[in-house]
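Quick notes on the structure that follows.
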Amino acid sequence: MEVRRVVVGSLMTNCYIVYCPGTREAIIIDPGGRGRRILELVESLRLKVKLIVNTHGHADHTSANMAVKEETEAPIAIHEDDAHLLSLEEQKYWCPEFEVSKPDITLREGDVVSFNSKYGRVSFKVLHTPGHTAGSICLYGSGRLFSGDTVFRGG
């Protein structure tokens, strides 16, 4: 499994592209802006994006959902308690690049998101970590934790 971090959007959010170099299957975690930049990396790596996952519903983690979805046809997944945030036009006030989207999949504690690798499935367990938002999640698997804004440096 490979992980590429792309810093995106006006609030400098970490977006992660997690993929298998063998199968080229991938998930994108928190496409918070600069959709074209994310897609250029996906294209350069020749990846097949299987899922877009938002660790929570704030615009700085979701702004490029639609740009990525339209290009890759990958479904958007977010915790059920934050799904409504994807349609809040008010998020444009603090994140002008925000585009309204809607989830294709709503997640809950214990759900698993995965993609194929040449060694089998790469799976991440959904950990519901409310606090930053009601529907904040972390993804844990393969010895890695993707925490979104659950943990802030120095916080």
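The values are calculated or read from the model by the stated rules, or taken from the named source; none is laboratory data. Just so it is clear, the structure is predicted and the values come from calculations on it, not from any experiment. When we count neighbours, we look across all protein chains shown, and the Cβ atoms used for this are built from the backbone with ideal geometry, even at glycine. Protein only, heavy atoms only, side chains kept; ligands, DNA and RNA dropped before computing areas. Shrake-Rupley method; radii C 1.70, N 1.55, O 1.52, S 1.80 Å.
Restricting the range 75-109 to residues that are out of contact with any Ser or Thr (no Cβ under 9 Å at 6 or more places or on another chain) and buried (at least 21 other Cβ atoms within 10 Å of the Cβ) leaves a set whose member that is nearest to VAL8 (Cα to Cα) is PRO103.
The residue that is least open to solvent (accessible area, probe 1.4 Å), counting only those in the range 1-35 that are at pLDDT 95 or above and of a type in the set (Lys, Arg), is ARG24.
Count, please, the residues in the range 110-138 that happen to be open to solvent by 50 Å² or more (accessible area, probe 1.4 Å) and either assigned to a loop (DSSP other than H, G, I, E, B) or touching a helix residue (DSSP H, G or I) at 6+ places or on another chain (Cβ under 8 Å) (or both). Here the count works out to 7. Within the range 1-24, residues that are over 20 Å from CYS138 (Cα atoms) have Cβ atoms under 6 Å from residues that are acidic (Asp, Glu) and in a strand (DSSP E or B) in these pairs: PRO21/GLU2, counting only partners at least 6 apart in sequence or on another chain.
Within the range 8-37, which residues are farther than 22 Å from LEU85 by Cα and not basic (Lys, Arg)? Full working, then the answer.
Of the range 8-37, the ones farther than 22 Å from LEU85 by Cα are 17-26, 36-37.
Listed by number, the residues that qualify are ILE17, VAL18, TYR19, CYS20, PRO21, GLY22, THR23, GLU25, ALA26.
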